[in-house]
Structure formats: structure tokens, C-alpha cells
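The values are calculated or read from the model by the stated rules, or taken from the named source; none is laboratory data. Please read all numbers here as calculations on a predicted model, not as lab measurements. All Cβ positions, even for glycine, are placed from backbone atoms using ideal geometry, and neighbour counts span all protein chains on display.
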Amino acid sequence: MLVDVWSDVVCPWCYIGKRRLEAALEQFDHRAEVEVRWRSYQLDPFAPVRRDGDPAARLAGKYGLTYDQAVAAQERLTRTADDEGIEFHLDRAKWGNTLDAHRLLHLAGEAGIQDAVKERLLAAYFTEGQPIGEPETLLSLVVEAGLERDAAREVLDSDRFAGDVRADEAAAAALGVTGVPFFVFGGRYAVGGAQPADLLLQVLERAWAETLPAVELVTPDGGAGAAACTDERCDL
């Protein structure tokens, strides 16, 4: 079963949502038969490669908060992340354009290591304060996560996978996605936001049940069953 997740690598709730999905999958009996595919979504497609400055001040300006309110909001996010086993250092965050990161995630998908690359980019931004909009930083990170340097360099030096990123964003728009993370389970059920793991598990189980073929027991007229064997006896 395929689980599609639209997210951005500079979205704190996307990192938290990733952990909650992982927790749900750990409890899911059919985990080995589930593939998670990370889909592209840019929160700010017009952002520069790197934007320096105080993250709390930028947050305050964007949402009309006071500086103290913005700091308090960051502290709440940090505590929530900590509950999921993630270390946030939002005061170090270096916001930047994520198009190249998403293009490299498509390359990672082809290489079969998309989740590892996604995790490395999220940790780099939220924990380490690395400027993941910068090509050289991205190159180092994705190679560390397992991509071949030459292949990653080729992507960064071209516009390869840009169309795939736009296609993901168009698919999100068609689904009515206005925020991330956004999960689609088995092409059937959509869940918006970083929902708790137990809810995600419920949706996993429901979507899985609907992938199984429906079976209807047909009983002949009169209701008599034909001869059969069970584990303990055979009809004679």
C-alpha cells in the first residue's frame, strides 16, 4: 500500500508528522507492505536561496505577533518536537528556498533512499541550523545520506526534476491541499496536519482493509453446505 505525504523540509509540523507516521507504522501489522512516498510542497516558492536574520522576528512579522509571542510559539513547538524525540533549535534556523531540496528528494526516490535523505534534510534544518537552500550544503547533506555525489551534482547543475516538483504541487492543489503535512493512504483516505499516531494508525488499518478483495459467501438454495474437511475431521 502506498502512503503519499506532501511536506516541506522547512515545515516544523512536517517533521513532527513524520515521526508520528513512523510511530503509527511501527504498530501496523503490515508495515513491510507499506511504501511511503514523500511528495513536494513549497511553503515559500519565492524565497531566496538563504535568508538570514532572527527567526523569531521573521515569525512575528509573518503572523502579526509580538516578538515575545513568537518566541513563546517557538518554545511550544520545541516542546512538542521533544515529545516526539526530535531536537529543535529554531533560533538557529536559516530559511531558504527548498526547490533544490525537493529535486534531490526525487533523485533519492529513484535511488530508493528517499526517507533517509528526507530525514537528513529535516535534521539539518531544524536541529543543526544548516542553510539547506544553498547548493553546496545540500550536496554535502544528500551525499552523507547515501546519494552518489556525481548524480546529485548533476541534478543541482540542471533543472532536472523541477517538472516533478511542479507536478507534485499541482496534484496537491487538485486535492485542495492548503497546508502540510498532508497524507493520502492507499489513494483512498486523506489526512491533513500532524495528527496523533493513533489516528494515523486507524486510517492505515482502514485503508489496508479496503485493499483486500471483497469476499461474499454463496450458499446454495436450501442452505445446505457441501461436504468439506476441517482441521479436525472430514465429512464422510
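Numbers below:
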{"quantity": "Hey, Val165 under 13 Å from Ser7 (Cα atoms), surrounded by fewer than 20 Cβ atoms within 10 Å (Cβ to Cβ) and of a type in the set (A, V, I, L, M) or not", "calculated": "no"}
{"quantity": "Among residues of region 77-104, those that are within 16 Å of the chain's Cα centre (by Cα) and either outside any helix (DSSP H, G or I) or exposed (fewer than 15 other Cβ atoms within 10 Å of the Cβ) (or both), counted", "calculated": "3"}
{"quantity": "Meets criteria (within 19 Å of the chain's Cα centre (by Cα) and of a type in the set (A, V, I, L, M, F, W, C)) for Leu139", "calculated": "no"}
{"quantity": "Where a residue in region 145-162 is under 22 Å from Ala123 (Cβ atoms) and its partner, wherever it lies, is assigned to a loop (DSSP other than H, G, I, E, B), with Cβ under 8 Å and at least six apart", "calculated": "Ala145/Ile113; Gly146/Ile113; Leu147/Ile113; Val155/Phe161"}
{"quantity": "Which listed residue is surrounded by 15 or more Cβ atoms within 10 Å (Cβ to Cβ), more than 28 Å from Asp83 (Cα to Cα), among the β-branched types (Val, Ile, Thr) and touching a helix residue (DSSP H, G or I) at 6+ places or on another chain (Cβ under 9 Å), from Val143, Val191, Val177, Val203", "calculated": "Val143"}
{"quantity": "Residues satisfying the stated conditions in region 156-179, i.e. at pLDDT 95 or above, in a loop (DSSP other than H, G, I, E, B) and of a type outside the set (Gly, Ala, Ser)", "calculated": "Asp157, Asp159, Arg160, Phe161, Leu175, Val177"}
